[in-house]
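Notes follow the structure.
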């Protein structure tokens, strides 16, 4: 059986926490952790970024090094981060319908499950479809020179109405190891002023660099 990918679980966790009374927590437990503006890792193929960048925690040095843009008003909430959610950002000022827009970052190790980038994307897509999302639209591209897929789909959970979620997946092969970096951004109402530009900044400005070790 195909399991939902880690970035899918991260998005679900985010939605669940924010709709179960965590809005007050978001307002009171934000951690100011802006990165160094304009900071770059070691990959000159990445797009330029004009907002602070946050280092994404790694489990080991064989994982790709990742930084995620942090637009103004998007606060990092450390207490919502775990082995699945490496970075959790929320935008309380853009709240609509009792839902706080959020972005989650996950890194998955697909070694032994996918030997090529295409196989990695297929595995992630299959996991997403097994979760029951609808109206999935996929576009291919590159992030920092690595192949990527951006998937937009409708997702509902419990009392949360179906809404659009956008996820960018980057496949990084490190010798025999295969990793995917998944960044999901969602809002119950994606027409709220400021959300669309923030989503574009987070996804298009993602920084992915080669692992420190093979």
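Summary of computed values
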quantity: Any hit, the stretch 61-71, residues being out of contact with any helix residue (DSSP H, G or I) (no Cβ under 9 Å at 6 or more places or on another chain), modelled with pLDDT under 90 and surrounded by fewer than 20 Cβ atoms within 10 Å (Cβ to Cβ); calculated: no
quantity: Inter-residue pairs, beta-carbon under 6 Å, first on the phi > 0 side of the Ramachandran plot and surrounded by fewer than 18 Cβ atoms within 10 Å (Cβ to Cβ) and in the stretch 175-202, second modelled with pLDDT of 95 or more and in a loop (DSSP other than H, G, I, E, B), 6+ apart; calculated: none
quantity: Residue in the stretch 52-60 that is part of a loop (DSSP other than H, G, I, E, B), under 24 Å from residue 212 (Cα atoms) and in contact with a helix residue (DSSP H, G or I) (Cβ under 8 Å, 6 or more places away or on another chain) present; calculated: no
quantity: Any strands (runs of 3 or more DSSP E) falling wholly within the stretch 80-158 and containing at least 3 residues that are modelled with pLDDT of 90 or more and surrounded by 15 or more Cβ atoms within 10 Å (Cβ to Cβ); calculated: 87-90, 102-109, 146-157
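Condition check ((1) within 23 Å of residue 48 (Cβ to Cβ); (2) assigned to a loop (DSSP other than H, G, I, E, B); (3) touching a strand residue (DSSP E or B) at 6+ places or on another chain (Cβ under 8 Å)) across all residues:
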| residue | (1), (2), (3) |
| --- | --- |
| 161 | no, no, no |
| 164 | no, no, yes |
| 168 | yes, no, yes |
| 179 | no, no, yes |
| 183 | yes, no, yes |
| 193 | no, yes, no |
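The values are calculated or read from the model by the stated rules, or taken from the named source; none is laboratory data. Note that the coordinates shown come from a computational prediction; the quantities given were computed from them, not determined experimentally. Don't worry about glycine lacking a Cβ; one is built from the backbone with ideal geometry, like all the others, and counts go over all protein chains shown.
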